1. At 7 Å along the Cα-to-beta-carbon direction for both Asp92 and Ser107, put a label point, then send me their distance in nm to one decimal.
2. Which of rounded, prolate, oblate describes segment 62-167, given a ≥ b ≥ c as roots of the alpha-carbon gyration tensor eigenvalues and a/c under 1.5 marking rounded, otherwise prolate only if a/b is larger than b/c?
3. By a straight-distance test (C-alpha under 26 Å), which lysines pair with Lys180 as possible cross-link partners, with residues fewer than eight away in the same chain excluded?
4. Work out the FRET efficiency for Leu53 and Ala163 from their Cβ-Cβ distance, taking R0 = 35 Å, and round it to the nearest 0.05.
5. Which ordering of Cys42, Cys77 is given by a fewest-first count of other beta-carbon atoms within 10 Å?
6. Can you compute the FRET efficiency between Tyr73 and Lys149 using 1/(1 + (r/R0)^6), with r the Cβ-Cβ distance and R0 = 35 Å? Round to the nearest 0.05.
7. How about segment 60-169: which GluC sites (Glu not before Pro) there are in a DSSP loop, with at most 10 other Cβ atoms within 10 Å of their Cβ?
Amino acid sequence: METRARLASQAANGNKRVVARREQSHHDLPMQMEKATFGAGCFWGVEETFRNLKGVRSTAVGYAGGIKENPTYEDVCTDRTGHAEVVEVEFDPSQISYDELLDVFWSNHNPATLNRQGPDVGTQYRSAIFYHSPEQEATAMASKERLGKSGRFNRPVVTQIEAAPKFWRAEEYHQRYLQKRGQSHCAI
């Protein structure tokens with residue numbers, strides 16, 4: 001690869017084949033994507049909500065926070081694996097911030113119910129934030145504290161905030177479940 005000095009020298013010596021090379025800007029670099037992982041009850045509706053946000057590149061539903069290796073949906077439904085149903089979100093922080101994702105998380109489930117969302121009961125339906133960096137941990141803790149002090153809920157916010165464990169991708173039929181069925185949300 002030719003250096004800028006060599007190109008300048010060739011241009012000064014009359015080399016007609018010199019092609020101007022533009023400097024690479026930060027716009028030419030690949031986006032720095034980040035991950036966020038949320039448990040907010042049944043993962044179908046949670047995934048659909050996050051999937052449709054500007055700045056979210058991809059979503060996947062799965063299981064996290066438990067003790068069983070490579071769990072299946074049937075395993076998790078026994079409420080004996082310790083796993084929560086979660087959505088892993090890959091996002092571009094230049095388009096949507098982690099704090100904005102947290103706002104969506106808080107507004108799309110009830111974080112004041114322990115191990116329950118709507119008619120779904122069990123630890124797999126718990127409210128959980130699995131952070132991927134110390135910055136995410138601090139942001140999540142501050143966001144939870146603000147929500148708790150806001151008076152929005154008449155009970156304490158019980159959302160667990162833990163380091164992201166291994167994410168076990170759910171079976172393919174669960175991925176984009178609502179989209180495949182032409183639905184935008186779960187009917188409760």
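None of the figures in this text is laboratory data; all of them are computed from the coordinates on show. Given the structure is predicted, the values throughout are model-derived calculations rather than measurements. Neighbour counts run over all protein chains shown; Cβ positions are idealised from the backbone, glycine included.
1. 2.2
2. On the way: a/c = 2.05, a/b = 1.26, b/c = 1.63.
Here segment 62-167 falls in the oblate category.
3. Hits, sequence-local ones excluded: Lys35, Lys54.
4. On the way: r = 24 Å, r/R0 = 0.68.
It comes out at approximately 0.90.
5. Values: Cys42 19, Cys77 13.
Fewest-to-most ranking of Cys42, Cys77: Cys77, Cys42.
6. After rounding, the FRET efficiency stands at 0.45.
7. Working: sites: Glu69, Glu74, Glu85, Glu88, Glu90, Glu100, Glu135, Glu137, Glu145, Glu162; in loops: Glu69.
Passing both the DSSP loop test and the Cβ count: Glu69.
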